[in-house]
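Following: one structure in structure tokens, then a few remarks.
No lab work stands behind these numbers, since they all come straight from the coordinates. Please read these numbers as outputs of a predicted model, since none were measured by experiment. Here the Cβ positions follow ideal geometry from the backbone for every residue, glycine too, while neighbour counts run over all protein chains shown.
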Amino acid sequence: MFDVDRVLAEHGHVTLRFPPYHPELDAIEKIWAVVKIWVATRNVTFNLHDIIKPAEEKFSLVTQEEWVSVCNHVKEIDKNYIQTEHVMDNIADNLVINIGTSESERDKEDDHADAFGILLLSLDYD
């Protein structure tokens, strides 16, 4: 447990960690995207001081209903990931990545490997 987790727990908060590189599972990323688009339509300069006021204005306009909608959307994405996880695991388990193969080996595998040297061994998804 990290120190910050302990301090938060002492004050009745639960730490939630998102998987790295999955902003689609983070509702604030979706709200932030809405804010960025809204600010961009205000034709402000790229000066930080000119961006702060419209960004704060849009954040204050985000309703509870918008948050609920975004959170429900994130839950659906997560549910879809969980439902298809086994398929992706099976595909990943059947991949062979050839690194440093000789020219003769490469010639034999060219018919079955893609441009990245990845060879799919089977397509059995059960």
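At a glance:
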| quantity | calculated |
| --- | --- |
| By average C-beta atoms within 10 angstrom, highest first, the peptides 38-44, 90-96 | 38-44, 90-96 |
| Relative contact order of the range 22-85, pairs being alpha-carbon contacts under 8 Å that are 6 or more residues apart, as % | 46 |
| Per-peptide average of other Cβ atoms within 10 Å, ordering 3-14, 66-77 highest first | 66-77, 3-14 |
| Exposure proxy order (Cβ contacts within 10 Å, fewest to most) of M1, M88 | M1, M88 |
